[in-house]
Amino acid sequence: MVKDVFSHVRTWVFDLDNTLYPPKARLFDQIEVRMTRYVMDSLGVDRPEADRLRRHYWATYGTTLAGLMREHAVDPTPYLTHVHDIDFTVLEPDPELAARIGALPGRRIVYTNGSAPYAEQVLSHRGLGGLFDAVYGVEHAGFLPKPEQAAFEAVFATDGTDPTRAAMFEDDIRNLAAPHAMGMRTVLVTPEPQQADHVHHHTDDLAAFLSQLI
């Protein structure tokens with residue numbers, strides 16, 4: 001049974017974007033528009049070049065912000081404020097998901113490459129506010145992004161998480177490699193399955209998957 005391989009878990013770690021809300025909400029589409037505009041304005045480039053740079057930063061560093069910081073010494077705080085100034089009303093409450101998360105035994109945390117204030121907004125609009133013991137953003141990892149293992153180590157050290165007794169739920173397959181290496185149980189949350197040695201489980205319905213663990 002799936003439940004048996006999670007019996008040792010005492011900390012449940014959830015990514016945010018496209019994990020705690022469905023991709024059909026297209027929330028990240030709004031963020032991408034604002035990221036592109038920020039790259040255009042801060043670097044003085046046109047839209048095609050900004051899009052090219054964003055793809056390069058994502059592939060090379062894990063996030064647009066990481067690339068801007070490393071290649072251009074961009075201040076992360078104004079960037080995070082700008083890109084997360086979006087319309088959250090496209091999100092709908094999910095009472096079933098809230099019930100499943102609330103029933104998990106042990107500690108429950110959110111860890112996102114976005115900012116913690118942004119994550120709190122998303123959780124509130126999804127009806128998931130108050131369910132988590134802590135919410136961590138990229139700022140809590142010294143602005144190092146997932147998939148870097150040092151980012152996970154920084155957040156887990158702050159939280160007191162023992163990775164060998166934890167599970168990670170994430171929509172980006174790259175971001176499960178470090179958790180796997182650290183001894184975590186990994187769950188890929190995506191519409192389509194993807195195969196990799198560091199992915200232990202896949203689901204396209206997070207609430208339904210969590211229902212098997214109680």
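Mind telling me which of the residues THR158, THR186 ends up being touching a Phe, Trp or Tyr at 6+ places or on another chain (Cβ under 9 Å), among the β-branched types (Val, Ile, Thr) and loosely packed, with under 14 Cβ neighbours inside 10 Å?
Exactly one residue qualifies, and that residue is THR158.
Restricting attention to the range 72-88, does a residue exist that is in contact with a His (Cβ under 7 Å, 6 or more places away or on another chain) and part of a helix (DSSP H, G or I)?
Yes, that holds for at least one residue.
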For the range 133-214, please list each of the strands (runs of 3 or more DSSP E) lying entirely inside it that holds at least 2 residues being touching a Leu at 6+ places or on another chain (Cβ under 8 Å).
-> 166-170, 185-189, 201-203
On the given criteria, is TYR57 hydroxyl-bearing (Ser, Thr, Tyr), over 23 Å from VAL189 (Cα atoms), assigned to a helix (DSSP H, G or I) and out of contact with any Pro (no Cβ under 9 Å at 6 or more places or on another chain)?
-> yes
Identify, by number, the condition in (1) farther than 23 Å from ALA59 by Cβ; (2) out of contact with any Asp or Glu (no Cβ under 7 Å at 6 or more places or on another chain); (3) of a type in the set (A, V, I, L, M, F, W, C) that PHE143 doesn't meet.
-> (1)
Failed item in (1) surrounded by fewer than 18 Cβ atoms within 10 Å (Cβ to Cβ); (2) within 30 Å of LEU210 (Cα to Cα); (3) touching a residue at least 12 places away in the same chain (Cβ under 8 Å), with PHE28 passing the rest = (3)
Note: among TYR61, TYR118, just one is of a type in the set (Phe, Trp, Tyr), under 17 Å from the mean Cα position of the chain (by Cα), closer than 30 Å to THR164 by Cα and at pLDDT below 95, namely TYR61
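The values are calculated or read from the model by the stated rules, or taken from the named source; none is laboratory data. On a predicted model such as this, the values are computed, not experimentally measured, just so you know. Neighbour counts run over all protein chains shown; Cβ positions are idealised from the backbone, glycine included.
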